[in-house]
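Data block below; observations after.
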Amino acid sequence: MELTLNEKRLLVALGPMGSAEAAVLAEKMDTRREAVVQYANLAGDRGLVDVEKHVARRYVPTEEGRAYMGKGLPERQVLDSFEETIPMRDLQSHPLAKIAIGWMRKKGWIAITGGVVQKTGKTAPGPDEAAFARLAEKGEIADGEGVADLAKRGLVEEEETVAYTVSMTTRGRELLSQGLDLREEVGTLTREQILSGEWKSLPLRRYDVTKLPKRAYPGKVHPYQRIIDEMRGILFDMGFEEMSGGIVQSSFWNFDALFQPQDHPAREMQDTFFLGERRPLPAGYQRVRDMHEHGGGTSSTGWGGTWSAEKAEQCVLRTHTTSLSIQHLAAHPKPPVRAFCIGRVYRREAIDPTHLAEFEQLEGIVMDEDVNLRHLLGFLKEFYAKMGFEKVRFRPGYFPYTEPSVEPEVYVDGLGWVELGGSGIFRQEVTEPFGIEHPVLAWGLGISRVAMLRLGLRDLRQLYRSDVEWVRDTPTYGGRR
Ligand code: PHE
């Protein structure tokens with residue numbers, strides 16, 4: 001068994017007596033008592049010594065107690081200040097009268113009749129006075145008769161002293177008798193020690209391969225950001241390019257260009273954060289207006305009514321990233337287009353563990369000659385499979401800008417089918433005003449939910465908390481990849 005230097009020093013300090021108080025050892029070892037207790041406990045774990053802890057309670061005088069020390073308790077002092085009787089009025093002029101009179105009566109030392117105080121003759125000191133006398137003599141007393149009374153009156157207070165006795169075990173004795181090398185162990189050799197060969201005779205510190213090293217926490221990408229980056233990687237692999245755009249969008253791009261009627265409930269205050277800012281409409285906006293009012297040059301009837309340019313200019317915090325998809329298409333109306341973005345969107349929501357007013361969407365569009373619903377379902381299936389969700393199903397849905405519309409769901413053990421967003425094929429009412437002549441497959445998926453599922457969270461809000469412990473403890477690659 002390899003002993004540390006401190007263990008050796010402890011055994012040597014214990015010496016032939018084999019047992020000593022920590023305070024005594026501290027003096028011998030020229031260190032603090034707390035350090036000795038610490039070494040002793042470690043050595044105790046290794047079976048070299050036994051450590052015994054003794055807790056002693058004693059009582060010392062309080063400030064008030066010290067004031068009476070040597071003179072006696074107030075009631076005794078006052079009692080001794082008069083002979084057999086005294087008028088109450090005179091007695092009250094004694095500086096301790098206030099405290100003493102009550103106690104003298106309580107102890108049955110005096111009787112008061114007609115304003116005159118008379119000693120009863122039964123004035124022998126009780127256990128409290130005896131204890132107080134011992135205290136005056138020694139400065140401290142152990143618990144005993146009468147002490148509790150003094151404590152209750154606030155004349156003494158409890159003090160706890162802890163002492164440790166360290167005694168060598170047989171094992172410790174054995175090791176000590178073998179002789180211990182007390183030279184300081186060397187952890188790092190100097191160049192000189194190596195060159196001179198001195199290292200051969202130095203006591204070298206051993207490596208303890210059973211010790212866990214201190215944990216190191218290097219910088220780390222946030223778990224949610226890692227999942228987002230993983231998704232970006234998947235989409236790049238699938239041949240998509242990334243689109244980007246601002247958080248602030250005009251209602252035109254967020255709603256009108258997507259053929260959402262201007263009186264659509266989703267535009268109302270409860271869903272959308274409207275901003276004071278306005279943005280000019282793009283050239284050719286009249287085609288969108290005409291589509292809303294009467295279906296433009298198509299067979300659609302539009303929504304009817306009068307379309308307001310003013311309403312379309314009003315800015316909002318984007319409620320979905322589909323506002324970027326339509327702008328990307330407006331700028332690239334010719335096939336092929338395969339684009340995606342991952343971005344934050346904003347909706348007025350009551351916040352709870354699975355709903356937040358801000359969250360991320362993964363938006364994607366595919367425009368090409370003759371793409372159809374089967375391609376759309378295929379893209380979504382492939383994406384989810386790459387994210388580790390094997391069971392995917394599609395339910396019919398509704399969005400003002402797609403026809404048909406489908407809502408993808410993934411199956412999660414323990415949760416069942418979880419809805420993760422919307423998708424569909426853009427209606428002609430959306431594509432025609434921008435001169436887009438080929439089908440556009442589109443989807444917008446809520447990805448914070450995906451992250452929540454992947455990270456095994458119960459509360460979506462955890463993704464946005466600055467919880468360094470959680471970031472540290474979340475493995476870089478969770479289960480699936
Ligand atoms: N924009 C829809 C949403 O926010 C999702 C969607 C995108 C639906 C594209 C169809 C097509 O839920």
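Key figures
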| quantity | calculated |
| --- | --- |
| Residues Ala163 and Thr354, FRET efficiency given R0 of 51 Å [Cβ-Cβ distance, rounded to 0.05] | 0.30 |
| FRET efficiency, 1/(1 + (r/R0)^6) with R0 60 Å, evaluated for Asp459 and Ala148 via beta carbons | 0.70 |
| Kyte-Doolittle mean at least -0.5 and Cα axial length at least 15 Å: DSSP H helices in the chain | 33-45, 223-237, 373-386 |
| Modelled FRET efficiency - R0 60 Å, Gln77 with Glu34, Cβ distances, 0.05 increments | 0.85 |
| For segment 180-298, size of Cβ-based charge dipole, Lys and Arg +1, Asp and Glu -1, in debye | 660 debye |
| Centre separation in Å (Cα based) which lies between segment 175-243 and segment 260-280 | 56 Å |
| Simple spin-label estimate for Gln262 and Thr85 in nanometres, 7 Å along Cα-Cβ | 11.0 nm |
| Helix-only [θ]222 nm of the chain, DSSP H runs n ≥ 4, -39500 (n - 2.57) each, per residue, nearest 500 | -9500 deg cm²/dmol |
| Selected from Val471, Val440, Ala151, residue furthest toward positive end of dipole (the chain; charges at beta carbon) | Ala151 |
| Heavy-atom accessible area per residue - the chain, 1.4 Å, Å² | 55 Å² |
| Sulfur and carbon atoms: percent of accessible area, the chain [1.4 Å] | 50 percent |
| Highest average packing first - 405-415, 465-475, Cβ atoms within 10 Å | 405-415, 465-475 |
| Projected label distance in nm at Glu64 and Glu293, using a 7 Å step from Cα toward the beta-carbon | 9.3 nm |
| Linear extension gain, Asp181 paired with Val248, 0.36 nm per residue minus alpha-carbon span | 16.6 nm |
| Global form of the chain, assessed from the alpha-carbon gyration tensor, a/c cut-off 1.5 | oblate |
| Length released on extending from Gln286 to Tyr411, taking residue separation times 0.36 nm less the Cα-Cα span | 40.6 nm |
| His222-Lys138 pseudo-label distance in nm [points 7 Å out on the Cα-to-Cβ vector] | 6.5 nm |
| Given charges at Cβ of Lys, Arg, Asp, Glu: the chain dipole, positive-most of Leu377, Ile365, Ala142 | Ala142 |
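The values are calculated or read from the model by the stated rules, or taken from the named source; none is laboratory data. Predicted model only: the values in this text are computed from it and were never measured. Every residue, glycine as well, gets a Cβ built from its backbone with ideal geometry; the counts of neighbours run over all protein chains shown. Note: accessible area is taken over every heavy atom of the protein model, side chains too, but ligands, DNA and RNA are not part of it. Shrake-Rupley method; radii C 1.70, N 1.55, O 1.52, S 1.80 Å.
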